[in-house]
Amino acid sequence: MLEMPSAVIDPRRTAEPSGAPDEARLIARIIHRDRRAFEDLYRLYHPRLTRFLRNVVRRPAIAEEVLDDTLMVVWDQAERYNGQCKVSTWIFAIAYRKGLNARRREDEPIEDRDAELRPSDAPGPELQFDRAQVRQNLMSALDQLSSDHRTVVDLTYFHEMGYREIAQIMDCPVDTVKTRMFHARRRLKRALDGPLADWL
Amino acid sequence: MAKIIALRDTPHQAVEALLPWYVGGTLDADDRAAVEAHLQACPDCQAALNLERRLCLEVAALPSDGRPDWSRLQRRMAGRAVRRRASGAFAGMAGAWRAAPSWLGWALAAQAALLAVFGALALPVSSPAYHALSAPPAPLVGNIIVIFRPETRERDLRAALLTNHARLVDGPTASDAYVLNTPAAERAAILTRLRARADVVLAEPINAGATP
Ligand SMILES: [Zn+2]
């Protein structure tokens with residue numbers, strides 16, 4: 001069970017996989033148990049995965065734990081990366097699955113179905129010109145979204161991923177991604193400009 | 001699933017739903033063409049696009065925190081290395097190790113004492129300063145992994161390291177293993193000496209810094 005599968009590089013993978021070729025090269029070296037390559041990958045992914053996982057699970061300590069678990073999967077099973085998608089899609093998908101499992105251990109409900117129905121607690125327009133306040137509103141609005149909504153928002157805006165890639169990572173239909181984004185934006189925009197700017 | 005709005009009822013709704021990825025530049029050519037064609041004719045979507053850009057910038061600018069802790073992951077890797085070897089050629093030894101219930105129950109006090117010993121040696125490989133530097137000095141590389149019997153006294157443990165010119169790189173790991181750095185030329189001899197000790201459960205070579 002703990003035995004590693006033998007690290008043999010798949011000859012099919014000599015063709016450049018889609019996505020960042022540097023990251024695919026790192027994976028190839030990791031298959032050969034190259035610790036330096038793994039450390040490089042860790043440092044490359046730590047900031048991105050930390051941010052991503054803080055949206056999936058609430059508690060920073062659990063996010064850290066999931067992050068380490070994710071990278072241990074990469075270390076132990078790098079040969080499972082088949083080059084069919086970007087390295088980042090593969091790693092984020094592992095992190096998301098592990099994050100979901102961890103989330104079930106947390107108190108938070110899996111999906112916040114009522115998020116759209118609750119009034120936003122964004123302050124009135126008199127505060128809207130204060131940049132720090134805008135940021136504060138936005139963070140509190142993000143905080144009120146369900147994990148899934150928040151995750152889609154951050155994958156789109158911060159990680160600059162397309163809806164198909166997000167659907168792959170979250171293992172859901174593309175329409176679900178679009179719908180989550182649609183609902184999330186409506187609430188976030190309200191936070192951005194206050195109740196007066198109810199654009200949607 | 002949450003309530004699904006029919007995003008594709010009209011071109012307007014379909015395009016509106018795509019605006020976040022239009023702003024992010026991740027749409028494929030067909031989607032992008034559809035968005036651009038609709039934008040020219042729809043003032044609502046033009047206005048929504050402006051707000052979309054602001055939202056994207058604001059969210060992307062939100063701070064993210066968390067510091068990498070490579071040493072923590074290294075400890076887990078060292079634990080894996082031990083288990084891998086234990087499940088293979090050294091199955092007999094590992095069997096003995098698993099059979100000893102005291103092993104898992106190694107008292108926290110004993111661990112704290114060991115940590116104190118190694119703290120005194122002051123040889124951690126990964127200091128916070130190391131992580132903060134973009135061009136770090138070459139780290140101390142572990143080339144031996146060793147597991148002592150749980151009842152081993154700290155004096156004996158220290159002696160085992162000192163007499164073998166071994167420096168502590170990491171440990172105790174989750175599986176109570178220690179990663180040591182020894183002079184490469186002496187490694188084989190040191191391994192033999194360690195394995196001969198009654199208080200050593202397992203001593204194995206590792207190639208922590210190996211590159212292909
Ligand atoms: Zn429109």
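Are there any pairs with C-beta distances below 9 angstrom linking a residue in region A:131-148 that is within 9 Å of another protein chain (Cβ to nearest Cβ) to a residue that is among the β-branched types (Val, Ile, Thr) and not in a helix (DSSP H, G or I), with the two at least 6 apart or on different chains, and if so which?
From region A:131-148, the pairs are A:146/A:110; A:148/A:110.
What number of residues in region B:37-48 are open to solvent by 80 Å² or more (accessible area, probe 1.4 Å) and either within 47 Å of the chain's Cα centre (by Cα) or more than 9 Å from the ligand (Cβ to nearest atom) (or both)? Before you say what the answer is, go through the steps one by one.
Going residue by residue through region B:37-48, those that are open to solvent by 80 Å² or more (accessible area, probe 1.4 Å) are B:40-41, B:43-44, B:46.
Next, from what is left, pick out any that are either within 47 Å of the chain's Cα centre (by Cα) or more than 9 Å from the ligand (Cβ to nearest atom) (or both): B:40, B:46.
The number of residues fulfilling the criteria is 2.
Which residue out of A:156, A:151 is open to solvent by less than 10 Å² (accessible area, probe 1.4 Å), within 18 Å of residue A:86 (Cβ to Cβ) and facing chain B (nearest Cβ under 7 Å)?
Values: A:151 fails: facing chain B (nearest Cβ under 7 Å).
It is A:156.
All but one of (1) more than 9 Å from every other protein chain (Cβ to nearest Cβ); (2) under 17 Å from residue A:157 (Cβ atoms); (3) at pLDDT below 95 hold for residue B:16, so report the exception by its number.
Going through the list (1) more than 9 Å from every other protein chain (Cβ to nearest Cβ); (2) under 17 Å from residue A:157 (Cβ atoms); (3) at pLDDT below 95, residue B:16 breaks only (1).
The conditions are (1) facing another protein chain (nearest Cβ under 8 Å); (2) part of a helix (DSSP H, G or I); (3) at pLDDT below 95, and residue A:113 fails exactly one of them. Which is it?
Checking residue A:113 against (1) facing another protein chain (nearest Cβ under 8 Å); (2) part of a helix (DSSP H, G or I); (3) at pLDDT below 95, the one that fails is (2).
Of all helices (runs of 4 or more DSSP H) completely enclosed by region A:121-195, which ones contain at least 3 residues that are modelled with pLDDT under 90?
Numbers: elements: A:131-144, A:147-157, A:163-170, A:174-193.
It comes to A:131-144, A:174-193.
The values are calculated or read from the model by the stated rules, or taken from the named source; none is laboratory data. The model shown is predicted, which means the values in this text are computed figures rather than measured ones. Reconstructed Cβ throughout: ideal geometry from the backbone, glycine too, with neighbour counts over all protein chains shown. Protein only, heavy atoms only, side chains kept; ligands, DNA and RNA dropped before computing areas. Shrake-Rupley method; radii C 1.70, N 1.55, O 1.52, S 1.80 Å.
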